[in-house]
Amino acid sequence: MSKPLFSIIIPSYNEEDNLRNGVLQDVDTYLSKQDYQVEVIIVDDGSKDQSIQLIEDFIENKNDIQEIIF
C-alpha cells in the first residue's frame with residue numbers, strides 16, 4: 001500500500017449490531033472505489049459486546065485498516 005492521502009477514524013463502543021449489519025464492509029467497499037489511498041483506524045473504548053471480535057475478524061486480512069483498543 002502506498003502512503004495514504006488521509007486517515008479516517010471510526011469510534012466504536014458496543015457497536016455489535018452495526019458491525020453485524022455490515023457497516024465496515026460498506027465503508028471498505030466505498031473506499032475501495034476511490035482513486036486515492038486511505039487508512040482506516042477503528043478505536044474501541046472497551047466494548048462489552050462482541051464488537052472487538054467482529055472488528056478483528058473483519059480486519060484480519062486488511063492492510064489499510066487498524067484497530068486501537070483501550
Flagged in segment 32-58 as modelled with pLDDT of 95 or more and part of a helix (DSSP H, G or I), in numbering order, are Ser51, Ile52, Gln53, Leu54, Ile55, Glu56, Asp57, Phe58
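Results for (1) farther than 24 Å from Ser2 by Cβ; (2) open to solvent by 70 Å² or more (accessible area, probe 1.4 Å); (3) of a type in the set (Val, Ile, Thr); (4) in contact with a Cys (Cβ under 7 Å, 6 or more places away or on another chain), shown as yes or no for each residue.
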| residue | (1), (2), (3), (4) |
| --- | --- |
| Glu15 | yes, no, no, no |
| Asn18 | yes, yes, no, no |
| Asp28 | no, no, no, no |
| Lys33 | no, yes, no, no |
| Gln37 | no, yes, no, no |
| Ile41 | no, no, yes, no |
| Ser47 | yes, no, no, no |
| Gln50 | yes, yes, no, no |
May I ask you to list pairs of residues, at least six apart or on different chains, whose Cβ atoms are under 9 Å apart, with the first in segment 23-35 being farther than 12 Å from Asp64 by Cα and the second being assigned to a helix (DSSP H, G or I)? Leu24/Asn18; Leu24/Leu54; Leu24/Ile55; Leu24/Phe58; Leu24/Ile59; Gln25/Phe58
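The values are calculated or read from the model by the stated rules, or taken from the named source; none is laboratory data. Everything numeric here is computed off the predicted structure, so don't read it as measured data. Using ideal geometry, Cβ is built from the backbone for each residue, glycine included, and neighbour counts are taken over all protein chains shown. Each accessible area value is taken on the protein alone, full model and side chains, heavy atoms only, with ligands, DNA and RNA left out. Shrake-Rupley method; radii C 1.70, N 1.55, O 1.52, S 1.80 Å.
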